[in-house]
Each structure stands twice: as C-alpha cells, then as structure tokens.
Amino acid sequence: MKNSDNLEDFKLDLVRRPRRLRRTASLRAMVEEIQVRAEDFIAPLFVMEGTGEKEPVGSMPGIFRYNLKDLISECKELIGVGVRAVALFPYIDPSLKDAVGSEAKNPDGLILRTVKAIKDALPEMVVITDVALDPYTTHGHDGVLNAAGDYVVNDASVERLCSMALLQAKAGVDIVAPSDMMDGRIGAIRTVLDGEGFIDTAIMAYSAKFNSAYYGPFREAVGSSKAAGTTLLDKKTYQLNPSNRREALVDARLDEDEGADFLMVKPAGAYLDIIRDLRNDTALPLAAYQVSGEYAQIHAAAKMGWLDYEKSRDESLLAIKRAGADLILTYFAKEKAALLNG
Ligand code: PBG
C-alpha cells in the first residue's frame, strides 16, 4: 500500500468482497435470509374473572389481565393484524387456590370458559392452553408436593395434568401446551386424549424449559410469585439447569417420541444455541417463548434511553427466528404484527 492521501491509491487484491451485496437497499433485500411474519407469532394472553377494567402487569408495559369480554376484543384485534394463535394463562383468585390445584379440575373453570368463548366468536383463532398447576396452587409449583411438602412428585402430578388437558380438549382447545416439565407427561396426555376421542387435539411440549430468572414478571401476572407466601419460588427439581445443553436434547427427544406435535424452547433470547440444537435434531415444528423478562428488559432499557426500542425489539425477534424457531410466543405479537401488516 502506498503512503498517499488519495483514497483511490489504496487497492487490496481481493477475490471476495462481501460488501458488494450490502451496497444498496435493493441488493440488501435480495440477499436477506429470513423474515419475521405475523403468522409466526403466538400471543400470550392473561385472563381474569369478572367484568373489571383491564389490569396492567407491572414491568410489562402494554400487557394486561383482561376480563373475558375484553379478551375477546383483544383476540379480534389480533386476528385483524394477522396473529392467528393465542396462548392463554389464567389469573386465579387466591381464595380458589389450594395445595393440589383443585380449581384446575373445575369443569366450569375460567380457562375453559375462555376457550369456548374464543372459539365461538373466532373459530379460526388457534387457541393454546397451558397445562401446569402453578396458577392454581397456593405454593405456586407446577405439580403437587410430597407429604413433607419439599418436593414436587412426578407421577401424581402427571395424573392431574392429564385431567386438566382432557378438560381443555373437551372445551375445544386446538393445542394443549404442557409447561410443567414432569417426566412422561406428553405420552400420558396423548394416551388420555386419544382414549377419549380427542385424536386431533395437538400437543405443544415445553420441551426445553429452563429454570430461569426471566419468568419473574409472568409470575406476577398470574399471581404465582411466592411459594406459600414465604420463600421465593424455585423450580430447579423439574426445570432444566441453564448450564445444560445436552440435557435439553434428552427432554426434547423424549417429548417427540411420546407424541408431541410441536417442541418448544423457553426462554428464547438467552437460549438461542438450544433452539439451534433442537432445530438440527427434529423435523417437528419448533416454537420458542420470548418470556416476560425478555420483554421487560427491552422496555426497561428503552425507557432509560439506553437502547432503541423498535430496533432492539425487532433484532430480538429476528435472532429467535434465525436460530431456528418457526413460531415465537411473544408479548410483542400484536404491535409487531400491526407494523408488519398495517
Ligand atoms: C408456568 C409458566 C411460566 C411461564 C409460562 N408458564 C413460569 C414458570 O415456570 O414459573 C413463563 C412465561 C413468561 O415468563 O413469560 N407453568
């Protein structure tokens, strides 16, 4: 290279210049590898009893607990912007909670009424229900405890989850989504559903659900933050250790073998390697859950003026899709879909 002030004098002898394809907007669009679409989104929604005003969820700006009527309006707006699937979570009155989550077996429970109401109003909406006891238990765990009260027992929990999934299927849900991380629950639920004739009710398995700090704001939303109001809830005897990459594959393969129709990774943003691992290991559709804490983090940094809100939101969604997710459960679903389809 010459010692010169003339820019034209600097010439590297390069065979490949990747910047050629980044020069203009049209070239960049031609070589863009993936796009996020409204059809990729599943919107998580929180429903509460009664007819009260929608209640904001602290640390999740724009996210509310809706009464059933307002939830239907929200679903209509979602369909209007091209979001075709919702994942429902209940806010259960504390007086209805007990140690074994009996309310989850109430045939007239809030979630079941919600499923029916959505399917009546909007038959084309894909409705997904959570199968786990945490919104219904006083201790906030996803299953039932042993006699000593210090361990979530597996098989008795699975039995309760099966009853829960069956009620949801009877209510007309399209997809049941066990988020409990008990062993053998996918196979057990499939057997019960098939035995009762619900051969077309699909199962989306929360296969690789990690014991994550990012669920904090959600636990406030469903009111399950504290175990029996004393210690902070810890689910490490059933949710995956954030250190473990191979173990996620073990769980995912079991779910596939047991009959899951979709696999899921959760959280998404801090587990992109797991999304890629599962993508490379299964031919099933793969979902990823961008959880409450991921949403809160972007909002908080933007509020401080430390991140550009739109750009970090969009980049977070793109990263999840690029890692290999087909579907994204995200609290950004409505606003992003409206921007894509508006
Ligand atoms: C529990 C459940 C959790 C979430 C969905 N289902 C939290 C937990 O495991 O405690 C988290 C979702 C979110 O953080 O957005 N069955």
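The values are calculated or read from the model by the stated rules, or taken from the named source; none is laboratory data. Bear in mind the structure is a predicted one, so any value in this text is a computation, not a measurement. Glycine gets a Cβ as well: all are built from the backbone with ideal geometry, and neighbour counts include every protein chain shown. Side chains are part of the model used for accessible areas, which takes the heavy atoms of the whole protein and leaves out ligands, DNA and RNA. Shrake-Rupley method; radii C 1.70, N 1.55, O 1.52, S 1.80 Å.
Just a few scattered comments:
- Degrees separating the helix 110-121 axis from the principal Cα axis of the chain, which is the longest one: 60 degrees
- Whole-number percent relative contact order across the chain, with pairs defined as alpha carbons under 8 Å at least 6 apart: 18 percent
- Subset of 116/336; 235/321; 54/170; 69/236 violating a 30 Å alpha-carbon distance limit: 69/236
- Å² per residue, accessible surface of region 64-189 at 1.4 Å: 35 Å²
- Highest-fluctuation residue, 150, 13, 326 considered, GNM on the chain with Cα pairs under 10 Å: 13
- Averaged per residue, region 222-342 has 48 square angstrom of accessible surface, using a 1.4 angstrom probe with ligands and nucleic acids left out.
- Over 37 Å [Cα-Cα, the chain], rounded percent: 20 percent
- If you run the Gaussian network model on the chain, springs between alpha carbon atoms under 10 Å, then out of 209, 303, 170 the most flexible one is 303.
- Protein-only accessible surface order, largest first, of 51, 138 at 1.4 Å: 51, 138
- Given charges at beta-carbon only (K, R positive; D, E negative), |dipole| of region 36-340 in Debye: 560 debye
- Portion, in percent, of the accessible area of region 97-203 that falls on carbon or sulfur, probe 1.4 Å: 53 percent
- When the chain is treated as a GNM with alpha-carbon contacts under 10 Å, the residue of 178, 18, 135 showing the greatest mean-square fluctuation is 18.
- MRE, 222 nm, helices only [DSSP H, n ≥ 4, -39500 (n - 2.57), over the chain, to nearest 500]: -11000 deg cm²/dmol
- Against the criterion of solvent-accessible heavy-atom surface with a 1.4 angstrom probe, 114, 191 sort, most first, into 191, 114.
- Longest exposed-site-free window of the chain, the sites being GluC sites (Glu not before Pro) in a DSSP loop that have at most 11 other C-beta atoms within 10 Å: 125-342
- Rounded to 10°, Cα long-axis angle of helix 246-257 versus longest principal axis of the chain: 60 degrees
- Taking amide H atoms as placed 1.01 Å from N in the peptide plane, the amide H of residue 210 lies under 5 Å from those of 240, 266, each 5 or more residues away in sequence or on another chain.
- Solvent-accessible area of residue 318, all protein chains in place: 70 Å² (probe radius 1.4 Å, heavy atoms, ligands and nucleic acids excluded).
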